[in-house]
Amino acid sequence: MIDSATLWTVIIGLGVGSFLLRFTFLGFVGDRPLPEWLLRHLRYTAVAILPALVAPLVVYSGENGSTDITRVVAALATLGVGMWTRNVFAAIGAGAVTLIVLVYVL
């Protein structure tokens with residue numbers, strides 16, 4: 001396990017880094033208009049965050065970092081239903097039902 005001093009150093013460092021990243025936009029550029037090409041790219045930032053957070057949990061979800069096939073199939077079901085219906089709640093429900101069914105079946 002990680003010792004307490006290292007853990008808090010990492011947490012504080014990540015907090016300061018996050019603050020500095022946000023301050024560059026809000027503090028330095030906050031009162032100026034941003035170029036249209038940058039605003040277009042910033043619109044996709046929120047859409048990219050969720051898959052970036054979920055993908056490692058799906059791929060390395062088994063014991064010792066192995067891949068658990070039930071979670072991969074549930075993620076694919078979520079993706080498929082989400083693309084087909086364009087409904088977030090239907091996608092989440094389909095993924096949850098798929099995961100529950102596969103856990104009990106397998």
May I ask you to list the residues in segment 83-96 that are without any contact (Cβ under 8 Å) to a residue 12 or more places away in the chain and either within 17 Å of the chain's Cα centre (by Cα) or open to solvent by 60 Å² or more (accessible area, probe 1.4 Å) (or both)?
M83, W84, R86, N87, V88, F89
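Give the residue, chosen from L102, L76, L106, that is of a type in the set (A, V, I, L, M) and open to solvent by less than 50 Å² (accessible area, probe 1.4 Å).
Among L102, L76, L106, only L102 is of a type in the set (A, V, I, L, M) and open to solvent by less than 50 Å² (accessible area, probe 1.4 Å).
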Got a sec? Which helices (runs of 4 or more DSSP H) wholly within segment 1-75 have at least 3 residues that are under 30 Å from A91 (Cα atoms)?
36-42, 45-59
Just to be sure, is L76 touching a residue at least 24 places away in the same chain (Cβ under 8 Å), out of contact with any Phe, Trp or Tyr (no Cβ under 8 Å at 6 or more places or on another chain) and of a type outside the set (S, T, Y)?
no
If I ask for residues that are at pLDDT 85 or above, over 30 Å from T78 (Cβ atoms) and open to solvent by less than 70 Å² (accessible area, probe 1.4 Å), which ones from segment 6-60 would you list?
T6, G13, G15, G17, P35
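The values are calculated or read from the model by the stated rules, or taken from the named source; none is laboratory data. From a predicted model like this one, the values you see are computed outputs, not experimental measurements. Note that each Cβ is placed from the backbone with ideal geometry, even for glycine, and that neighbours are counted across all protein chains shown. Areas reflect the complete protein model, heavy atoms only, side chains present, ligands, DNA and RNA absent. Shrake-Rupley method; radii C 1.70, N 1.55, O 1.52, S 1.80 Å.
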